[in-house]
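Each reported figure results from applying straightforward, stated rules to the coordinates on display, with no laboratory input. What you see is a predicted model; the values in this text were computed from it and never measured. Quick reminder, even Gly has a Cβ in these numbers, built from the backbone with ideal geometry, and neighbours come from all protein chains shown.
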Amino acid sequence: MDLRQMQFVVAVAEEGGFSAAARRLHVVQSAVSGTVRLLERELGVKLFDRTTHRVSLTLAGEAFLPAARATLQTAEQARAAVGVVKGELCGEIRVGVMQGLYAGLDQALASLRERHPGLVVKLRQAQATDVQQGVRDGALDVALVALDREQQRGLSTRLLSQEEFVVVTASSCRLPRGRSVTFAEVAALPLVDFPMGWAIRQSVDRAFRTALVERSTTFEVNDVLAATDLVRHDLGVCILPESLAGRFPDLAIRRFAAHAPIWRVMVVRPRGEVSAAVAALLQHIK
């Protein structure tokens, strides 16, 4: 058994198939499937159940995956340790990020690249719950995400920013100008919302429940740009963190009169020691 075999198994498990794993690893699919089959023969068990439409881990595969990840991480730390002695950092960092939060990483990644050009940063965009689980499972080294207190358990967290949500509307929207709006006024309008599991959706749902106001979703989209485009055409209003709403200056912003949802962005990682490469990135995230 070697590191390459483990790397292939981890890629298949995380990408959900051999073709996607091959694209990620920049090899042909036959190399991935052949390597995994050889490892399965060596171990005497099947690591994946293969059907026409999906590939899933067997019980043996589920037991193998965290150990393989840990081994690959240890090997990466060993390479990084040698790099530190040589005065340079190399290897890769796996960073999870929610949609809309890339801007929070721009400056950090630029500074990291300037200081340590040998590092490779792999960004993985996903919804908050998936990013959180990726950090817990070891699939991600660090993440930029919005989490509530319950979701922070077992993770090392650092608050980066805190701000209010606002209501984003077209300039022609009939919400009153010049004053704050209530949850009841917003609920009376078509609402552009995000899917369940999105951190924005969780915060908005909680705020309406706290305000004892029922509301319904008119449009549900999984992309911030799509949401703001619907708003731009006056098909609905959308509730977004103020800094994210500010990226669309052609749209109007209304504040809540009271009890506005709060958007807390954190950098999260597993508890315990981190590699020199991850430590370097954390130093640059402000």
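Provide the packing ranking of 171-178, 188-195, i.e. peptides ordered by the mean count of other C-beta atoms within 10 Å per residue, highest first. Numbers along the way, then the final one.
Numbers: 171-178: 11.1, 188-195: 18.4.
Highest mean packing first, the order is 188-195, 171-178.
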Sorted on mean Cβ neighbours within 10 Å (highest first), peptides 65-78, 234-247 come out as 234-247, 65-78
Between [x] 1.05; [y] 1.00; [z] 0.97, the structure-derived Rg/Rh (Cα atoms, Kirkwood Rh) is [x]
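Assign unit charges at the C-beta atoms only (+1 for Lys and Arg, -1 for Asp and Glu), then state the dipole size of the stretch 230-286 relative to its Cα centre in Debye, rounded to the nearest 20. Intermediate results must be reported in sequence, preceding the final value.
Values: 8 positive and 4 negative charges, 29 e Å.
The calculation lands at about 140 debye.
Kindly point out which whole DSSP H helices in the chain project their C-alpha atoms 20 angstrom or further along the helix axis while averaging a Kyte-Doolittle hydropathy of -1.0 or above.
Details: long enough: 29-43 (21 Å, -0.04); 59-85 (40 Å, 0.60).
The qualifying helices are 29-43, 59-85.
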For Leu89, the residues 5 or more places away or on another chain with a placed amide H closer than 5 Å to its own amide H are Gly118
Measuring from its Cα centre, the stretch 160-264 shows a charge dipole (+1 at each Lys and Arg Cβ, -1 at each Asp and Glu Cβ) which, in debye to the nearest 20, is 300
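Take every Cα pair under 8 Å in the stretch 1-68 that's 6+ residues apart, average their separations, divide by the length, and report that relative contact order as a whole percent. Working shown, then result.
Working: 66 pairs, mean separation 21.0, N = 68.
Computed over the stretch 1-68, the figure is 31 percent.
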Computed about the Cα centre, the charge dipole of the chain from +1 Lys/Arg and -1 Asp/Glu charges at the Cβ has a magnitude in debye, to the nearest 20, of 260
For Phe208, Phe48, ascending order of other Cβ atoms within 10 Å (fewest first) is Phe208, Phe48
